[in-house]
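Shown next, in structure tokens, is the structure this report addresses.
The values are calculated or read from the model by the stated rules, or taken from the named source; none is laboratory data. What you see is a predicted model, and the numbers here were worked out from it, not measured in a lab. All Cβ positions, even for glycine, are placed from backbone atoms using ideal geometry, and neighbour counts span all protein chains on display. Heavy atoms of the whole protein, side chains included, go into the accessibility calculation; ligands, DNA and RNA do not. Shrake-Rupley method; radii C 1.70, N 1.55, O 1.52, S 1.80 Å.
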Amino acid sequence: MAAAKMTSPRVAVLGTGTMGAPMARNLCRAGLAVRVWNRDPAKAEALAADGALHAPSPAAAADGVDVLITMLSDGVAVEQVMTGPDGALATLAPDAVWVQMSTVGVDWSDRLAGLAARHGVTFVDAPVSGSSQPAEEGQLLILASGAGPARARLEPIFDVLGRKTLWLERAGDGSRLKLALNNWLAVLVEGMAETITFSDALGLDPHLFVTTVAGLPLASPYATDKANAMLAARFTPGFPLAHAAKDAALAATAAHDHGLELPLTEALLARWGQAMAAGHGHDDVSSAITAMAVRNEGVSR
């Protein structure tokens, strides 16, 4: 994260949940003037200790800022906070930049870009790759696309939020790449959940599989981290299961729109639905193993 103090630009962050809160906090610590808003006022008010100004509405947050960041659950939520008399677009200046950092999928990214264009506001599609810990550490990968003239204005902000910004020329390609990355994440998590449970069914200590694969090219740090969380039933949310399932569903829908099926993704969605129905939607994506545990009487060893 950049160490230099900055006094501009003025920034608003709409959505201060698992990802938005640490992002707003890092911007404050870098010396930016930051306004925050959240549907649950307490989540935004908690950032006052870090120097953020809590705004009572999206419109109040957007009034007079140079850059507006949306970090919300889905496209519907983003559209709702941007429109209407209390929406951010009611007060966002035409020379401001709207940076859409939520994972909303391809169709919603295009729809929101059109909404920005109708209001004369520069729109940047810039979802992020990384969970709560990289957000807290300012180590996100920012997948930004389009809006070439705005790039220099956003560099001081992106340098605070991320370890790297990958700029893509075609507008919306940030969201396209994010879907591909999160589809891979989903397959990794489900594969690990199934293999841990399979190892146990074979009469092996599932820890043996995890420690063995950790030293091989077959593994990734992310997969082994999630495996250890599964074995410890440690489901403190870094990336909530409900959000991961939403992203996997967006990937499946986008694939269908292009005449393609994603059989692995579609299969895991049904199983993840079982885990969410059992109350794990707000737990970490590693809680996907609970659907296997219910079906196979648990990882017992």
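Note on exposure: Glu45, Glu79 ranked by accessible area (1.4 Å probe, complete protein assembly) read Glu45, Glu79, with the most exposed listed first.
Proximity of backbone amide H atoms, modeled 1.01 Å from N, is registered between Val13 and Arg35, Val36, Trp37, Ile69 at under 5 Å, excluding neighbours fewer than 5 places apart on the same chain.
With θ taken as phi - 60° and the Karplus curve 6.51 cos²θ - 1.76 cosθ + 1.60 applied, the whole-hertz 3J(HN,Hα) list for segment 280-292 is 9, x, 8, 7, 4, 4, 4, 5, 4, 5, 5, 5, 5 Hz, x standing for glycine and proline. Starting from the Cα of Thr212, move 7 Å in the Cα-to-Cβ direction to define the label point; list residues of segment 229-256 whose amide nitrogen is under 18 Å from there. Residues passing the 18 Å test: 231.
Applying the criteria of a DSSP loop state and at most 14 other Cβ atoms within 10 Å to the GluC sites (Glu not before Pro) of segment 207-301 yields Glu261, Glu297. Derived scalar couplings between HN and Hα for segment 71-79 equal 9, 10, 6, 6, x, 4, 4, 5, 4 Hz in order, rounded to whole Hz, by the Karplus curve 6.51 cos²θ - 1.76 cosθ + 1.60 (θ = phi - 60°), x for Gly and Pro. Within segment 167-235, list the trypsin sites (Lys or Arg not before Pro) lying in a DSSP loop whose Cβ has at most 14 other Cβ atoms in a 10 Å radius. Of the trypsin sites (Lys or Arg not before Pro), the ones in loops of segment 167-235 whose Cβ has at most 14 other Cβ atoms within 10 Å are Arg170, Arg234. Any idea how far the Cα center of segment 36-70 sits from the one of segment 133-170, in Å? That distance is 21 Å.
Given their separation in residues at 0.36 nm each and the Cα-Cα distance between them, Arg29 and Ala255 gain 77.3 nm when the chain is fully extended.
Taking the inverse of the average 1/r across all pairs of different Cα atoms in segment 7-58, what Kirkwood radius in Å do you get? Please list the in-between numbers first.
On the way: mean 1/r = 0.0966 Å⁻¹.
One decimal place: 10.4 Å for the Kirkwood radius.
Nearest 20 debye, what's the magnitude of the dipole of the chain about its Cα centre given +1 on Lys and Arg Cβ and -1 on Asp and Glu Cβ? Don't jump to the answer; show the numbers that get you there.
Details: 22 positive and 30 negative charges, 109 e Å.
Charge dipole, the chain, about its Cα centre: 520 debye, nearest 20.
Across Arg35, Arg163, the residue with the most accessible area heads the list, and the full order at a 1.4 Å probe is Arg163, Arg35. Straightening the chain between Arg111 and Leu53 buys 17.9 nm, computed as 0.36 nm per residue apart minus the Cα-Cα spacing.
Normalising by the residue count of the chain, find the relative contact order in percent from Cα pairs under 8 Å and 6+ residues apart. All intermediate terms of the calculation are to be shown ahead of the outcome.
Details: 576 pairs, mean separation 40.6, N = 301.
That works out to 13 percent.
Over every Cα atom in the chain, the radius of gyration and the widest Cα-Cα span, Dmax, amount to 20.1, 64 Å. In terms of overall dimensions, segment 157-301 has a Cα radius of gyration and Dmax of 16.4, 51 angstrom.
Just want to confirm a number: the relative contact order over segment 1-142, from Cα pairs under 8 angstrom separated by 6+ residues, in percent.
Details: 297 pairs, mean separation 30.9, N = 142.
Relative contact order for segment 1-142 comes out at 22 percent.
With a 1.4 Å probe and all protein chains left in place, how much accessible area per residue does segment 158-276 have, in Å²? Provide the component values of the computation, followed by the final result.
Working: 5970 Å² over 119 residues.
That works out to 50 Å² for each residue.
For the chain, modelled as a GNM whose springs connect Cα atoms under 10 angstrom apart, the maximal fluctuation among Ala227, Ala61, Ala46 occurs at Ala46.
Here the extension length gained between Asp225 and Leu264 equals 11.9 nm, from 0.36 nm per residue of separation less the Cα-Cα distance. Take the Cα of Arg39, step 7 Å toward its Cβ, do the same at Ser8, and the gap between the two points is 3.5 nm. Scalar couplings 3J(HN,Hα) for segment 24-31, obtained by applying the Karplus form with A = 6.51, B = -1.76, C = 1.60 to θ = phi - 60°, are 4, 4, 5, 5, 4, 5, 7, x Hz; x denotes Gly and Pro.
Here the spin labels are modelled as points 7 Å beyond Cα on the Cα-Cβ line, and at Gln80 and Ala180 they lie 3.2 nm apart.
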